[in-house]
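Novice: What follows is a single structure, and I will ask about it in a moment.
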Amino acid sequence: MPWKKNFINYALLAAAVLISAFRWSEEDFIQFISNKLNKYRGTLPVEKAYLHFDKPYYVTGDTLWFKAYLTEGSLHLADSASNLLYVDLIEQRTGRNAALKRVQMNGGTGYGEFVLTDSLAPGAYTIRAYTNWMRNASEDFFFQKNLYVFNYEENTTTNTTTGKTDLQFFPEGGQLVADISTRVAFKALNEAGLAQDVTGFVLAQNGDTVASFKSEHLGMGRFQFAPKAGESYRAFLKENDGKVTPFAFPKVHDSGFTMVVDNLSNPLKMRVIAYAKIPGKAEIPVNVVGHARGIVAFVAKGKIGSRGLMMQLPTNELPDGITHLTLFDEANKPVCERLVFVDHSRSLRVNIKPSKAEYKPREKVDVEVTVTDSAGKPVEANLSLSVTDAGQILQQPFDQNIASYLLLSSDLKGVIEQPAYYLDPTKSERKIHLDYVMMTHGWTRFKWEDVLADSIPQAKRYVEQGITLEGDAKRNNRKLTEKTALSLFVSNDSLSNFMTAETDENGHFTIYNLAFSDSLQLRLQGMNKKGNQNLSFTLNPFDPPRASVVKIPFKPVTVDAQRLANLLKNAAQEQDIARKIRENRERMLREVTIKAKKETPRDSRKLYSSADATLKVTPQLASGYMSILDMLQGRVAGVSVMGSGMNATVSIRGNRGEPLFVLDGMPVDKQLITSLNVFDVESIDVLKGPSAAIYGSRGGNGVIAVLTKRGNENYDYSQDIVPGVMVTKIAGFHTPKAFYSPQYGPTSPPAPNPDFRSTVFWAPMLKTGSDGKARVSYYHTDAASSADIRVEALSPSGLPGFGKSAYSVR
């Protein structure tokens with residue numbers, strides 16, 4: 001990346017434009033701060049996850065489709081270190097994790113879906129995406145998206161009450177210093193966490209009004225303020241009903257630093273003005289550090305005099321996105337911070353062109369997507385494309401896209417409403433409104449105290465390349481006191497493998513990087529050095545991060561009454577059709593008459609074709625008896641058992657002697673039969689009179705044939721329950737489904753059911769070629785309205801892009 005290289009020599013390029021009071025710092029401080037940031041980034045590098053969804057809201061019974069992007073945090077390179085991304089669906093009302101997918105990431109991309117079954121409660125949900133490595137930082141930096149799941153029988157009225165307002169003030173640079181005029185930004189939210197427009201004023205102690213304010217964009221704004229020494233201030237909010245509500249106002253400090261930044265007047269430069277009030281000091285040496293996503297952009301040094309310190313810093317070599325400015329005092333302590341957003345419009349250009357502007361229902365649609373850079377050159381990129389019926393789905397105003405997320409939202413704490421607005425070049429006021437966002441949000445991925453510390457704590461969680469199997473082994477419910485060898489046999493329909501591992505001294509074991517889809521059969525066995533296998537195992541289930549509960553449920557989407565009515569009507573129709581199809585299939589099954597007798601494979605252990613009586617041994621039956629003869633007592637007509645255990649005698653009515661005992665087709669003595677483990681027995685057959693004649697004179701007193709589970713040729717030995725062995729299933733990577741797109745050719749017979757899918761087409765894994773183009777074809781539905789096309793893109797070099805288009809259907 002060009003801007004990354006320019007970071008290294010940025011100080012030399014910018015020196016010519018600085019005023020006489022400002023000079024670049026000595027090489028030792030540049031090296032010091034660069035080394036600290038690089039060390040911190042090297043120890044705790046950042047990953048970012050982003051999901052593109054097929055539409056903004058859903059109905060129960062629908063399918064939620066998503067494309068996952070995973071990037072490195074500083075340069076947004078598409079191939080991050082982790083290969084496993086967790087995506088979970090959380091019910092906002094309860095905080096319950098309703099579903100979890102483990103998505104396999106290849107080259108920083110993956111895809112999947114959630115089937116929103118009828119049993120899923122309608123309401124507001126949050127989808128989160130994160131890697132195990134991302135859990136080392138605050139959960140505020142997980143990808144999170146709010147959406148709503150409607151029920152087709154739901155009352156669509158909403159509660160518009162905003163509730164109590166939360167109003168906060170943010171002095172530019174971080175604090176108010178007495179007798180230094182500065183700017184104060186503010187932000188107001190309602191109880192649902194959404195922006196609230198406000199009007200108010202600030203009063204001094206004597207009751208004089210010293211400032212007034214009014215929000216300009218999504219509850220945000222700013223005003224000039226000159227605090228006085230010895231004063232304290234309170235803010236008041238004017239409510240719609242005429243009431244006045246008091247709010248806390250920032251404290252005024254007798255001494256300290258302030259920093260004002262102008263990033264709007266000149267598109268190629270930013271102006272930074274620093275002031276200080278330190279008793280006994282006329283000139284105060286300071287350092288200014290600028291970094292973008294943890295990579296040093298510049299380090300500079302100057303002196304703050306009685307008129308402050310002003311500097312002009314070129315921005316043309318800075319990357320698009322957030323640059324973080326920090327003012328350090330002479331003790332190298334951070335005293336002021338300010339975020340600025342640099343927008344050179346270097347994101348990808350995504351052009352979407354349908355083959356024509358208007359189509360007929362069920363007509364074939366051809367779409368060409370062209371991706372170029374800001375200079376118009378074609379770019380090879382990874383794409384995801386969604387087509388929705390505009391008659392049912394209202395696209396959200398300035399909704400999050402991959403460009404607004406990577407460049408803006410992912411580096412800020414808290415919710416950024418309508419983030420795409422700030423990157424829309426058609427909005428003339430967007431830059432000043434974006435500056436309000438910079439002043440009311442802070443960079444919280446790290447704290448300078450942690451970066452400047454002598455040692456950085458190692459990460460507690462690791463990078464996952466595959467599924468992790470973790471658990472504990474015990475002996476007699478006690479922790480082990482020595483390392484123990486483990487053997488693992490894993491298998492499913494497509495693979496089988498044998499592996500070895502070892503516990504630590506306390507019996508804990510972890511097996512990394514298992515790569516498999518769906519589920520895997522696991523047979524785990526351990527043995528110590530003395531050959532003692534009597535172990536028990538416990539597998540630790542995946543513990544997802546705890547989700548916060550939203551106490552006041554709200555619909556985090558904007559809906560149109562008519563579109564929503566169409567969506568719910570069509571959803572109800574689809575479910576009714578599906579229900580009738582199921583009912584018809586059930587009736588058809590009942591009407592089928594089977595005339596041929598199903599042939600049952602002959603058991604090679606049986607010389608006879610059928611027994612006079614058969615006792616099936618279930619785990620419940622076996623658990624109540626010590627021997628096979630005990631189980632027979634009183635359960636088979638004509639069989640008499642006297643005594644119990646090894647001393648039991650058995651006879652079949654009409655015979656004086658004991659019957660012949662047969663084990664899996666081989667005659668054996670009674671002692672072997674009575675010594676068998678009852679849990680190993682599959683069934684017991686009893687043959688009387690003529691049925692026993694096949695065994696000749698030996699069967700004259702009848703036959704008792706015991707069939708074991710192990711003797712069955714179809715027996716699965718992995719199901720053996722033996723000491724020191726665990727047999728279970730473990731979940732693997734999610735196996736994504738293919739989006740169903742029907743074919744409506746001119747020669748195809750008419751479809752019996754109407755097609756009013758709200759998601760017309762979904763293609764999550766598109767790629768452009770060397771010409772920057774990708775093409776898709778699909779058939780439209782029966783809907784005679786318009787269709788919205790949305791495409792999101794990411795290049796291997798980390799450039800994001802977003803595009804949209806539409807066509808009509810008549």
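Novice: Can you tell me the length gained on complete extension of the stretch SER785 to THR481, counting 0.36 nm per residue apart and subtracting the Cα distance?
Specialist: Full extension from SER785 to THR481 adds 102.3 nm.
Novice: Ranking request for peptides 648-655, 332-339: highest mean number of other beta-carbon atoms within 10 Å first, then the rest in descending order.
Specialist: In decreasing order of mean packing, 648-655, 332-339 become 332-339, 648-655.
Novice: Taking the Cα of ASN655, stepping 7 Å toward and past its beta carbon, and measuring to each backbone N in region 673-694: which are under 12 Å?
Specialist: 686-694
Novice: Right, another one. For region 613-712, what mean projected area does the convex hull of the alpha carbons give, in nm²?
Specialist: With the hull built on Cα positions only, its mean projection is 5.8 nm².
Novice: Taking N as the number of residues in region 166-342, what is its Cα Rg relative to 2.2 N^0.38 Å?
Specialist: Expressed relative to 2.2 N^0.38 Å, the Cα Rg reads 1.12.
Novice: For ALA357 and LYS303, what does the FRET efficiency come to when R0 = 45 Å and r is the distance between their Cβ atoms, rounded to the nearest 0.05?
Specialist: 0.10
Novice: While we're here: Based on the alpha-carbon gyration tensor of the chain, what equivalent-ellipsoid semi-axes (square roots of 5 times the eigenvalues) come out, in whole Å, largest first?
Specialist: 68, 35, 26
Novice: Roughly how far apart, in whole Å, are the Cα centres of region 761-805 and region 330-368?
Specialist: 13
Novice: As I understand it, the dipole of the chain uses +1 on the Cβ of Lys and Arg and -1 on the Cβ of Asp and Glu, about the Cα centre. Which of HIS734, MET642, LEU522 lies farthest toward its positive end?
Specialist: Farthest along the dipole direction, towards plus: MET642.
Novice: I need ARG546, ARG234 ordered by Cβ neighbour count within 10 Å, fewest first.
Specialist: ARG546, ARG234
Novice: Still on this model: Say the cut-off is 29 Å between C-alpha atoms; which of LYS360/LYS773; LYS55/LYS569; LYS187/LYS377; LYS413/LYS773 go over it?
Specialist: LYS187/LYS377; LYS413/LYS773
Novice: For region 428-548, calculate the relative contact order in percent as a whole number, restricting contacts to Cα pairs under 8 Å that are 6 or more residues apart.
Specialist: Across region 428-548, relative contact order equals 28 percent.
Novice: As a footprinting exposure proxy, order ILE467, ILE295, ILE432 by other Cβ within 10 Å, with the fewest listed first.
Specialist: With the sparsest Cβ surroundings first, the list reads ILE432, ILE295, ILE467.
Novice: I've got another one for you. Arrange the following residues from fewest to most other Cβ atoms within 10 Å of their Cβ: ASP411, ASP612, ASP79.
Specialist: Ascending Cβ contact count within 10 Å gives the list ASP79, ASP612, ASP411.
Novice: Run a plain Debye calculation on region 332-487 (Cα atoms as equal point scatterers, no solvent) and give log10 I(q)/I(0) at q = 0.13 Å⁻¹, rounded to two decimals, same order as the q list.
Specialist: Values returned for q = 0.13 Å⁻¹ are -0.93.
Novice: Let me spell out the model: positive unit charges on the Cβ of Lys and Arg, negative unit charges on the Cβ of Asp and Glu, origin at the Cα centre of region 166-342. What dipole size does that give, in debye rounded to 20?
Specialist: Magnitude of the dipole: close to 400 debye.
Novice: Using a cut-off of 11 Å between beta-carbons, work out the net charge of the residues near LEU408 (Lys and Arg +1, Asp and Glu -1, LEU408 not included).
Specialist: Every neighbour counted, the sum reads -3.
Novice: Moving on to the next point. Which value, in debye to the nearest 20, gives the size of the charge dipole of the chain about its Cα centre, when Lys and Arg are +1 and Asp and Glu are -1 at the Cβ?
Specialist: 760
Novice: Could you work out how much longer the chain between LEU672 and ALA613 gets when fully extended? Use 0.36 nm per residue separation minus the Cα distance between them, nm to one decimal.
Specialist: My answer for the length gained is 19.1 nm.
Novice: Let me ask another. Please grab the % of Cα pairs in region 98-242 that end up more than 26 Å from each other.
Specialist: Here the long-distance tail beyond 26 Å is 52 percent of all Cα pairs in region 98-242.
Novice: So how many Lys-Lys pairs in region 259-356 land under 19 Å Cα to Cα, not counting same-chain pairs under 8 apart?
Specialist: Total qualifying Lys-Lys pairs in region 259-356 comes to 9.
No value in this document is a laboratory result; all are computed from the given coordinates. What you see is a predicted model; the values in this text were computed from it and never measured. Cβ atoms come from the backbone with ideal geometry, glycine included; neighbour counts cover every protein chain shown.
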